[in-house]
Amino acid sequence: MKRWLWALVTGLLSGLVAILLMTVVSLTLRLLLGISPVVEAVPDRLAPTIEVNEFLSLLRRYGGYNRLKQLGVGSGLLAQVVAGTLGGMAFAIVVEARAGASRAARRRRGFWFALIGVLSVWVVTLIVLWPVLTANFRGLPPSWARPLVIVGLLLTYAVYGVTVVLTYRWIATRQYIRREVGGGGPIPRRAVLALGLGGALALGSGGLLRLLYTRATFSYDGFRNRGVDLTPITPNDRFYLVTKNVIDPRVAKSAWRLQITGAVENPRTYGFDDLASMPSVTQATTLMCISNGVGDSLISNAVWKGVRLRDLIAASVPRPGVVEVVLHGADAYTDTFEFSKALEPTTLAAYAMNDVPIPDRHGFPVRMIVPGKFGEKNVKWVTRVELVTEEVKGFYEQQGWGPDFNIPIRTGFYAPSFSDPLRVGATVTLRGWAFAPTEGVARVEISLDGGRSWQRAQIDDPGTPISWTFWSYAWRPTSAGSFQLIARAVDTRGEMQSARGTSIVPSGAQGYHRVTARVVG
Ligand SMILES: Nc1nc2c(c(=O)[nH]1)N[C@H]1C(S)=C(S)[C@@H](COP(=O)(O)O)O[C@H]1N2
Ligand SMILES: [Mo]
């Protein structure tokens, strides 16, 4: 009985030391080489498999995407430590199973158990995480990233296995077990030392975690482009932000490559300078997230510079029968759009945003710009464009978003703030934006009486078919009360935006933006 207790405690300590060391190693690999640790890869693997309504109810239950990310990684880390500790105890049970076994026999059992254990966990990890093993947060393209992760995972698991074996051997020599069983003396010094080592490793991994936490996306994921001072071109530091990641890629330009692969005659790999030396296009394009509710501000507009995707595709000579392109990001994010969209002259592999290199958060060094398609199609940190002859589903598409990802005609008020009352007889300038891809806005209409009558707004900045329009309307209220103001837009084909309110799921919200203005005498 006592022998077992000591063996299990020794196993627990060894498992703990080993899993903490493994955590330190995997976090270091994340920092230096951009290899995603299992705790980060598992949520990436699971998220697309969650049905969209379930996904949104999880977001609601846990208080948003950030909270859900924190919960996912946090519980993953905890589960990893628990599993590692249990692994050490299992090791002890296997080693000590036969009471009379010789020291050499016990060592042999331990060695084989650790080896088989490490290899089988590795193989299971590779099978389960296969689709996301293409991630490399330093920007290596998928075909280089995958072998690197495979080796990296083996290395981290080997660190665990070797540490369990050595730590166990070190604390629990056969003599020690015998001595303890016989004498029941004080806690052996080596166990105390191991505990100290575990503590030091816990501090080390805690430090690394803190360092990574400062790079986490929690402070900005879901950042909105709000305010009464919006401008037609959104400055980079006010451009809305959405990311699936806990820690966004920090791509090293020298490691980064863009591959054109799939159903092509000449697969090609481009470095950054190759792209930068090709003929380029500069265009303003508005991006909007599919989750942008009516009246919300997950929408922004920037001037993007980049290479036409169709030039890259032409250089690789597509085979007949291509229906879609699949974009892969350095974060193993994927999304798709029709081949015909890829061939449009405004679909870009962009490398500059408002005259500067694309900021890390917005997809440095290269992101896709896909005018008129919801934000998700504008893949950031893109590393591969794959031409496919059958339909494939991207990260959010797998959840059940879509199937239509075309941004519908939209309008929104952004000024004044409407939280302060307006005054009878004082003129106030109502301001807003309108977006009607890919036809362009023809006119914007305002109602000051809840939709009974409509007035034409003035167009201050017409925008383009792929970038938003800014409009205004000078209003002088003549009586006090509460007024429902509504805005709606019509595109250049004469199509009026839909009045019917729809939910964000599955293909984005529609409907008129309505605000209430309070007017006092
Ligand atoms: N690689 C990658 N690209 C991505 C995402 C992502 O998580 N990873 N998020 C998408 C989503 S949902 C949106 S709305 C836009 C947001 O781009 P922005 O943060 O530059 O505004 O990026 C898209 N591209
Ligand atoms: Mo999005």
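What number does segment 291-345 give for Rg over Rh if you use C-alpha atoms and the Kirkwood radius? Mind showing how you got there, number by number?
Details: Rg = 14.8 Å, Rh = 13.9 Å.
My calculation of the ratio gives 1.06.
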Amide H contacts under 5 Å for MET288, restricted to residues at least 5 apart in sequence or on another chain and with H modeled in the peptide plane, are GLY375
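Run through every distinct alpha carbon pair of segment 410-520 and return the Kirkwood hydrodynamic radius in angstroms, one decimal place. Don't jump to the answer; show the numbers that get you there.
Values: mean 1/r = 0.0694 Å⁻¹.
This gives a value of 14.4 Å.
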Would you compute, from DSSP H runs of 4+ residues alone, the mean residue ellipticity of the chain at 222 nm, taking -39500 (n - 2.57) per run and dividing by the full residue count, rounded to the nearest 500? -12500 deg cm²/dmol
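Taking the Cα centre of the chain as origin and charging only Cβ (+1 Lys, Arg; -1 Asp, Glu), how large is the dipole, in debye to the nearest 20?
Values: 56 positive and 36 negative charges, 539 e Å.
Dipole size: approximately 2580 debye.
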Give the carbon-plus-sulfur fraction of the accessible surface of segment 410-520 in %, rounded to a whole number; probe 1.4 Å, heavy atoms of protein chains only. 45
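Would you be so kind as to identify all helices of the chain, as entire DSSP H runs, whose Cα atoms reach 20 Å or more along the helix's own axis and whose mean Kyte-Doolittle hydropathy is at least 0.0?
On the way: long enough: 2-33 (45 Å, 1.66); 65-96 (46 Å, 0.90); 103-129 (38 Å, 1.10); 142-171 (43 Å, 1.17); 189-214 (38 Å, 1.03).
Going by DSSP H runs, the hits are 2-33, 65-96, 103-129, 142-171, 189-214.
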Run the simple label-point estimate for PHE218 and LEU46 please: 7 Å along Cα→C-beta, distance reported in nm. 1.8
Cross-link reach list, aspartates and glutamates versus LYS244, counting only Cα pairs under 12 Å and skipping chain neighbours closer than eight places: GLU40, ASP44, ASP221, ASP331, GLU376
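Using a 1.4 Å probe on the protein heavy atoms, what percent of the accessible area of segment 236-399 belongs to carbon and sulfur? List each step's numbers first, then the result.
Working: 2590 of 5400 Å².
Here carbon and sulfur together make up 48 percent of the probe-accessible area.
Once you keep just the Cα pairs under 8 angstrom separated by 6 or more residues, what percentage relative contact order results for the chain?
Details: 1085 pairs, mean separation 73.0, N = 521.
Once divided by the residue count of the chain, the mean separation gives 14 percent.
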For a quick check of your reading of the filter: which trypsin sites (Lys or Arg not before Pro) in segment 467-521 sit in a DSSP loop and have no more than 15 other Cβ atoms within 10 Å? ARG493, ARG500
Expected vector for segment 428-442, Karplus 3J(HN,Hα) from phi with 6.51, -1.76, 1.60 and θ = phi - 60°, integer Hz, x for Gly and Pro, equals 10, 9, 7, 10, x, 10, 9, 9, 9, x, 10, 9, x, 7, 8
What does the charge add up to near ILE171, with Lys and Arg as +1, Asp and Glu as -1, over the other residues with Cβ less than 10 Å from its Cβ? +3
For THR269 and ILE127, calculate 0.36 nm times their separation in residues minus their Cα-Cα distance, and state this gained length in nm to one decimal. 48.4 nm
Taking the C-alpha atoms of the chain, convex hull volume expressed per residue in Å³: 171
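Subtract the Cα-Cα distance of VAL162 and ASP460 from 0.36 nm times their separation in residues, and report this length gain in nm to one decimal. Don't skip to the end; give the middle numbers.
On the way: separation 298, 0.36 × 298 = 107.28 nm, distance 6.83 nm.
Result for the pair: 100.4 nm of gain on full extension.
Just the accessible area per residue of segment 410-520, please: how many Å² with a 1.4 Å probe? Before the final figure, lay out each step's value.
Details: 5020 Å² over 111 residues.
Roughly 45 Å² per residue, with all protein chains present.
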What are the semi-axes of the equivalent ellipsoid of segment 236-399, taken as the square roots of 5 times the eigenvalues of the Cα gyration tensor, listed largest first and rounded to whole Å? 23, 18, 15
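Given an 8 Å cut-off on Cα distances and at least 6 residues of separation, report the relative contact order of segment 418-465 as a percent. Before the final figure, lay out each step's value.
Working: 33 pairs, mean separation 14.6, N = 48.
The value is 30 percent.
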Set Lys and Arg Cβ to +1 and Asp and Glu Cβ to -1, take the dipole of segment 204-311 about its Cα centre, and tell me which of GLY293, ASN236, THR217 lies farthest positive. THR217
Given the C-alpha centroids of segment 227-245 and segment 337-364, what is the distance between them in whole angstrom? 16
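The values are calculated or read from the model by the stated rules, or taken from the named source; none is laboratory data. Keep in mind that this is a model prediction, so the values were computed, not measured. Using ideal geometry, Cβ is built from the backbone for each residue, glycine included, and neighbour counts are taken over all protein chains shown. The protein model used for the area step is the full one, side chains on, heavy atoms only, and it has no ligands, DNA or RNA in it. Shrake-Rupley method; radii C 1.70, N 1.55, O 1.52, S 1.80 Å.
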